[in-house]
Amino acid sequence: SLSDSLENTFKKLRGHGKISEKNISDALREVRLSLLEADVEFSIAKDFINKVKEKALGETVMKSIKPGEQIVKIFHDELTELLGGDQVPLDLNPPARILMVGLNGAGKTTTSAKLAMRLKKEGRRPLLIACDLYRPAAIEQLGTLGAQIDVPVYKPDASETNLVKVAKDALKWAEDQNGTVLIFDTAGRQEIDEKLIEELKDLHKFLDPKETLLVADAATGQQAVSVANHFDEAVGITGIVLTKLDGDARGGAALSMRGVTGKPIKYIGEGEKLENFSEFHPERMAGRILDMGDVVSMVEQVADKIDEEKAMKSAKRMQEGKFDFNDFLDQMAMIKNLGPLDGLLGMLPGMKKLKKQLPADALNTDKFKHMEAIVLSMTPKERERPEIIKGTRRKRIAKGSGTTIIEVNRLLKQFGEMRKMMRSKGKMKQMMKQMGGMG
Ligand code: GDP
Ligand code: MG
């Protein structure tokens, strides 16, 4: 993956006490290849590398004691810049209207509901308006999602074909709903379709929305970028929501998006659940691409459900490699509240690699129930010092938890590996802090 190859390149750079122009050029060539492999647009990758190179060859870097660290920092800063610099909030001045556009399956309907839920949490009064007249099921889908989050949904008659009329009726409906933000979910197509674009143009003209958000599937890479351009030309987009970043999406889409379209990524979707939605922070994303972990995002995401102090402590223990089975139980309790694990784990340092080492179904919640049962069958001392759990203890634990000795062995082994991994990441982070680098 992009972050793996970058990590390797940086490891090499960090190893050098002194750095030559050749070291830098070699490293940057590798980085450029990684970027292209990750589906970053060619000219963007090239510009990016040139900028980093120029700064990296600067005198202060070349003469510093730890040039490798400094180059990584330059890389981080440039990456942040490439991703858009500062987070760009939505324009929600009245009349706040948000038009969601994009291809079929990109996640418009889901994202509309995610956004509504988020705005509601912020104390606003969102309304959802179904404008997908092509698929009656899409209207129902939005209705169901709206009901889940207790947000009123305008559902046009199934026989209606005029989008502008629907919008007109919806605005009238909205007057009685006491809403403050209107979110319009529209239809998509498999590919850009001129008829659809014409309809969208009319709708856009009528609504004159403050925000027109392109919803794009991160997994589609370069296609997402050209789709964004196309929609921008047609109706003028004000921002991008990048969805499905929880999957195997190549990070390249995120990297090219801002550079090519000039439009900010405002939110990201990281799972099917409505909670799996965050503001896009360029700096944090840069850190994530560089696999620095994103403890801040994680804490924010869990803060709603558990207290921040506890989460911070837990994240810190993880990073320091002091994680034992008691922490594991705590985390288990949090995880139960949180829902999908993939998104959360992806934010932790080194987790992507860890996930690869785990068996494919290791993140399955049933499996977690077994793990939890095993840990609950341990004595407090065993939880603190898993290394004392030898033969007969293992047998006892398997029996007590209603599992098998194979499962107990496996958990202990995985846990040991996880700790090792966390420890080495923790060390790296500490080191970087001392350097005054990017930690
Ligand atoms: P639309 O056709 O653009 O309205 O797309 P939908 O909102 O109906 O979403 C299409 C599919 O993608 C649904 O199965 C969603 O659950 C799924 N989906 C949407 N956003 C995300 C995301 O961020 N991550 C994942 N894994 N799935 C998503
Ligand atoms: Mg839809």
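The values are calculated or read from the model by the stated rules, or taken from the named source; none is laboratory data. From a predicted model like this one, the values you see are computed outputs, not experimental measurements. Note: ideal-geometry Cβ built from the backbone for every residue, glycine included; neighbour counts use all protein chains shown.
Within the stretch 73-110, work out how many residues are in a helix (DSSP H, G or I) and among the polar types (S, T, N, Q).
3
Restricted to the stretch 193-227, and to residues that are among the aliphatic types (A, V, I, L, M) and away from ligand 1 (no atom under 14 Å from the Cβ), which residue is surrounded by the fewest Cβ atoms within 10 Å (Cβ to Cβ)?
Ile197
What number of residues in the stretch 100-126 are more than 13 Å from ligand 1 (Cβ to nearest atom) and touching a Phe, Trp or Tyr at 6+ places or on another chain (Cβ under 7 Å)?
1
What is the residue count in the stretch 243-260 for residues that are modelled with pLDDT of 80 or more, away from ligand 1 (no atom under 13 Å from the Cβ) and buried (at least 20 other Cβ atoms within 10 Å of the Cβ)?
Of the residues in that region, 3 qualify.
Can you name the number of the only condition in (1) surrounded by fewer than 21 Cβ atoms within 10 Å (Cβ to Cβ); (2) within 15 Å of ligand 1 (Cβ to nearest atom); (3) among the hydroxyl-bearing types (Ser, Thr, Tyr) that Thr186 fails?
Tallying (1) surrounded by fewer than 21 Cβ atoms within 10 Å (Cβ to Cβ); (2) within 15 Å of ligand 1 (Cβ to nearest atom); (3) among the hydroxyl-bearing types (Ser, Thr, Tyr), Thr186 fails exactly one: (1).
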